[in-house]
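The values are calculated or read from the model by the stated rules, or taken from the named source; none is laboratory data. Remember, predicted model here, so these are calculated numbers, not experimental data. Every residue, glycine among them, receives a Cβ derived from its backbone with ideal geometry; neighbour counts consider all protein chains shown.
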Amino acid sequence: MAAIVVVLVCVSLGRWQLDRAQQREARAENYARLAKLAPIAIGSATIGGHELDYHRLSARGRWLPEYGAYLDNQVYRGQAGYFVYMPLRLDGSDVCLLVNRGWLIAGRDRAQLPAIKTPAGPVEVYGTVQLPARFKELGSTYREGSVWQNITAERFAQWSGLRLQPLIVRQSDDADDGLIRDWPAPDDGANRNRGYAFQWFAFAALACLLWGYYHFRRKSPHVE
């Protein structure tokens, strides 16, 4: 009975991992399809966040560097740094769009935050909707000064008092500001899920082999 339970659990987990891999591939296909479409221009009219997942967007406005935020513990090619978040006040309104401008390396002294090169005049920003991150928090403190542990559009709006569109955009255009925008493709991890599935199926096969070995060994007339 124990062997049957182990086999059923391992097979179930393996099938779940294969399903996860298929979901990732489906998202990748959708992302590739949407990447061929013209970007959607974002204005002051409130838009729905989930309706625009993976869509390319464009927006015109001015950066508000006084509200710049640093998302901590972001590693790029083995180097520690931050993702830089900054609101863009959209032209002709008081509505802002929160933008993940890219990755910036941390300095030797973490008490001294690196400067963010920001144009003062109007800019046109292109990017892709950033899906909401999943995170776990051990305490209620998620921000210390300009350094954040986790950022959502809702939290940022509450902290800043700004009117925000209910989504975050990952900037993709070349703005010549020293920030790195090497965003991962949404299908990253599908092969990893298949590797996990193979491991679970291997555990199930091993449980079957061990059960068969000890079962027939016990019934053998040569075993006392």
Exercise for review: Please determine, by comparing only the residues of segment 15-55 that are polar (S, T, N, Q) and within 22 Å of the chain's Cα centre (by Cα), which one is surrounded by the most Cβ atoms within 10 Å (Cβ to Cβ).
Suggested key: GLN17
**Study point:** So ASP91, is it among the charged types (D, E, K, R), in contact with a Lys or Arg (Cβ under 6 Å, 6 or more places away or on another chain) and modelled with pLDDT under 95
**Key:** yes
Point to revise | Restricting segment 106-118 to residues that are closer than 13 Å to ASP177 by Cα and hydrophobic (A, V, I, L, M, F, W, C), the residue that is nearest to the chain's Cα centre (by Cα) | key: ILE116
**Study point:** Among (1) at pLDDT 80 or above; (2) in contact with a strand residue (DSSP E or B) (Cβ under 9 Å, 6 or more places away or on another chain), the one test that GLN23 misses
**Key:** (2)
Review point. With respect to ASN193, is the statement that it is polar (S, T, N, Q), in a helix (DSSP H, G or I) and out of contact with any Gly (no Cβ under 6 Å at 6 or more places or on another chain) true?
Key: yes
Check your understanding: Yes or no: TYR82 on the phi > 0 side of the Ramachandran plot and touching a strand residue (DSSP E or B) at 6+ places or on another chain (Cβ under 9 Å)?
Key -> no
Review point. Which condition does ASP173 not pass, out of (1) in contact with a Cys (Cβ under 9 Å, 6 or more places away or on another chain); (2) at pLDDT 90 or above, if it passes all the others?
Key: (1)
Review point. Quick one: would you say THR118 is modelled with pLDDT under 90 and of a type in the set (Val, Ile, Thr)?
Key: no
Exercise for review: Determine which member of the set SER58, SER93, SER12 is surrounded by fewer than 17 Cβ atoms within 10 Å (Cβ to Cβ), in contact with a Pro (Cβ under 7 Å, 6 or more places away or on another chain) and hydroxyl-bearing (Ser, Thr, Tyr).
Suggested key: SER58
Review point. Do the conditions hold for GLN74, that is, is it exposed (fewer than 15 other Cβ atoms within 10 Å of the Cβ), out of contact with any helix residue (DSSP H, G or I) (no Cβ under 9 Å at 6 or more places or on another chain) and either hydroxyl-bearing (Ser, Thr, Tyr) or at pLDDT 90 or above (or both)?
Key: no
Check your understanding: Any residue at all in segment 37-59 that is under 30 Å from ALA106 (Cα atoms) and hydroxyl-bearing (Ser, Thr, Tyr)?
Key -> yes
